[in-house]
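Just below is one structure, and these are the notes that go with it.
The values are calculated or read from the model by the stated rules, or taken from the named source; none is laboratory data. In this text, all values refer to a predicted model and were calculated from it rather than measured experimentally. With ideal geometry, Cβ positions are generated from the backbone for all residues, glycine too; neighbour counts draw on all protein chains shown.
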């Protein structure tokens, strides 16, 4: 269970604080795959960053006893001057994974990068980058995966592979997915959070949430 | 995933950043790690030539190359580069902040450890070179030298941290700090011992805690040199104050820095 207790988040601007989320009370159950819906700037990515522990609420608390992945976006924290392999090693080290080699080979296979895996990450195209960062996160066993728009990129074959990989993980973990692709959300999720007007609402049914979102 | 204690997480993270910094810092240069030794060596040779050209290399207690070696390397390795690396940690850590277990403080720790280690290694390599040329670069009291160096190192790290924190509030701090490095080189008794400075100016110069560190290191290095001004209490108090300020400003601002 991930629990939001009265969580507020604002960004200081020169017009004063701009609230993105205000007094959110929310429970995200462990056994549901949650879609996050909302217009641009509604706070979808901010919510994901709060969940990922890389940003902090200005008020309130987020409680959880799960291993949550880093927010998986296109610009994930890879150092451009290091090679794909070196970046994987770094992430293994900070997660306390001792079997570097197995993880490296998994990422190399899954991302279909081949020789480019030994080249600096800054030389990757955006499609390669998204494949790469998706593969890296799949190499670790988290309880909850946070995915931000990343599955929209990449070729058709890879998209299918991603969805299969997530399907395999589903046995003992769940995903929280941000996307503007409604069909993807329908396929992947069985619950939704709609962000609008600084509030968040939990929906048991994705269809209902999408209907509400399209009426906004 | 298995749960780890806070300490083992931090140890893993600091080690990971350490390796990452070591790779990314030198892999972009053609000669790679050789620059570590080459850069201070070139500066030292330049200053030795300057001193030689002035026709007055020594101050009575040692030869010019050894004098430059003891003071310039300490100032550059421990003060200037540790301070600069810590002060610029915010930019270097940008990509790292995507991971919840990585904190800015880990970057400070890793960079400080790297600079300390590099100082020892580079110092040793240049010392061996000096031995080969027939000089005697070994300190008379190595333990005291190491002790004073550690305090200077801590001072540099905490000053760097403090300016990194202040720099997150006003970017101008970065400019001021980089402007400060050059004058400090001339005001910290790096190229001259305090014994040749007229007594009238001691009062102004001794406000600078780095000067005390340089003089103390010199005193411990050469048993026949006694500094007229060195005061360990002052250096220690300055370091402690700096460290306390750095830690408290870190505690106050780190969440805001992460969000940037």
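Say whether the condition of being surrounded by 15 or more Cβ atoms within 10 Å (Cβ to Cβ) and either closer than 28 Å to residue B:238 by Cβ or within 14 Å of chain A (Cβ to nearest Cβ) (or both) is met by at least one residue in the range B:127-137.
No - not one qualifying residue is present in the range B:127-137.
In the range A:58-71, how many residues are more than 9 Å from chain B (Cβ to nearest Cβ) and either in contact with a helix residue (DSSP H, G or I) (Cβ under 7 Å, 6 or more places away or on another chain) or farther than 30 Å from residue A:20 by Cα (or both)?
So the count comes out to 2.
Regarding residue B:80, is this residue away from chain A (no Cβ under 14 Å) and touching a residue at least 40 places away in the same chain (Cβ under 8 Å)?
Numbers: away from chain A (no Cβ under 14 Å): yes; touching a residue at least 40 places away in the same chain (Cβ under 8 Å): yes.
For residue B:80, the condition - away from chain A (no Cβ under 14 Å) and touching a residue at least 40 places away in the same chain (Cβ under 8 Å) - is met.
Is there any pair linking a residue in the range A:174-200 that is in contact (Cβ under 8 Å) with a residue 24 or more places away in the chain and on the phi > 0 side of the Ramachandran plot to one that is buried (at least 20 other Cβ atoms within 10 Å of the Cβ) and outside any strand (DSSP E or B), with Cβ under 9 Å and at least six apart or on different chains, and which?
Hits for this filter: A:198/A:42; A:198/A:43.
Would you say residue B:88 is surrounded by fewer than 20 Cβ atoms within 10 Å (Cβ to Cβ), more than 9 Å from chain A (Cβ to nearest Cβ) and over 28 Å from residue A:146 (Cβ atoms)?
In short, yes.
Filter the strands (runs of 3 or more DSSP E) completely within the range A:127-209 down to those with at least 1 residues that are under 16 Å from the mean Cα position of the chain (by Cα).
It comes to A:144-148, A:174-178, A:191-196.
Step by step: first the residues of the range A:119-138, then only those that are surrounded by fewer than 20 Cβ atoms within 10 Å (Cβ to Cβ) and within 14 Å of chain B (Cβ to nearest Cβ), then the one that is farthest from residue A:82 (Cα to Cα). Which residue is that?
So the residue we want is A:123.
Answer with yes or no whether residue A:116 is over 22 Å from residue B:15 (Cα atoms) and loosely packed, with under 14 Cβ neighbours inside 10 Å.
no
For the range B:1-33, enumerate the residues that are more than 9 Å from chain A (Cβ to nearest Cβ), in a helix (DSSP H, G or I) and at pLDDT below 80. I'd like the intermediate steps shown before the answer.
As a first pass, look at the range B:1-33 and keep what is more than 9 Å from chain A (Cβ to nearest Cβ): B:5-7, B:10-11, B:14, B:18, B:21-22, B:25-26, B:29-33.
Subsequent filtering for residues that are in a helix (DSSP H, G or I) retains B:6-7, B:10-11, B:14, B:18, B:21-22, B:25-26.
The answer is B:25, B:26.
Of the conditions (1) within 18 Å of residue A:134 (Cβ to Cβ); (2) in contact with a strand residue (DSSP E or B) (Cβ under 6 Å, 6 or more places away or on another chain), residue A:85 fails just one. Which one is it?
Of the numbered conditions (1) within 18 Å of residue A:134 (Cβ to Cβ); (2) in contact with a strand residue (DSSP E or B) (Cβ under 6 Å, 6 or more places away or on another chain), the odd one out for residue A:85 is (2).
Which one of these does residue A:27 not meet: (1) surrounded by fewer than 20 Cβ atoms within 10 Å (Cβ to Cβ); (2) under 23 Å from residue A:129 (Cα atoms); (3) away from chain B (no Cβ under 11 Å)?
Going through (1) surrounded by fewer than 20 Cβ atoms within 10 Å (Cβ to Cβ); (2) under 23 Å from residue A:129 (Cα atoms); (3) away from chain B (no Cβ under 11 Å) one by one, residue A:27 breaks only (2).
Looking at residue A:203, is it at pLDDT 85 or above and more than 22 Å from residue A:131 (Cβ to Cβ)?
Against the criterion (at pLDDT 85 or above and more than 22 Å from residue A:131 (Cβ to Cβ)), residue A:203 qualifies.
Residue-by-condition table, conditions (1) over 21 Å from the mean Cα position of the chain (by Cα); (2) within 18 Å of residue B:6 (Cα to Cα):
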position: A:62; (1), (2): no, no
position: A:65; (1), (2): no, yes
position: A:68; (1), (2): no, yes
position: A:72; (1), (2): no, no
position: A:79; (1), (2): no, no
position: A:86; (1), (2): yes, no
position: A:92; (1), (2): no, yes
position: A:98; (1), (2): yes, yes
position: A:101; (1), (2): yes, no
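I'm trying to understand the selection: among the residues of the range A:45-62, which are surrounded by 22 or more Cβ atoms within 10 Å (Cβ to Cβ) and under 17 Å from residue A:192 (Cβ atoms)?
Scanning the range A:45-62 gives A:47, A:48, A:51.
Can you find even one residue in the range B:39-55 that is buried (at least 21 other Cβ atoms within 10 Å of the Cβ) and within 14 Å of another protein chain (Cβ to nearest Cβ)?
No: zero hits.
Every residue in the range A:54-97 that is closer than 20 Å to residue B:110 by Cβ and assigned to a loop (DSSP other than H, G, I, E, B), please.
A:54, A:70, A:77, A:78, A:79, A:80, A:81, A:82, A:95, A:96, A:97
Counting only residues that are farther than 25 Å from residue A:68 by Cβ and in contact with a helix residue (DSSP H, G or I) (Cβ under 7 Å, 6 or more places away or on another chain), which one in the range A:94-118 is nearest to the other protein chains (Cβ to nearest Cβ)?
If we take residues in the range A:94-118 being farther than 25 Å from residue A:68 by Cβ and in contact with a helix residue (DSSP H, G or I) (Cβ under 7 Å, 6 or more places away or on another chain), then A:118 is nearest to the other protein chains (Cβ to nearest Cβ).
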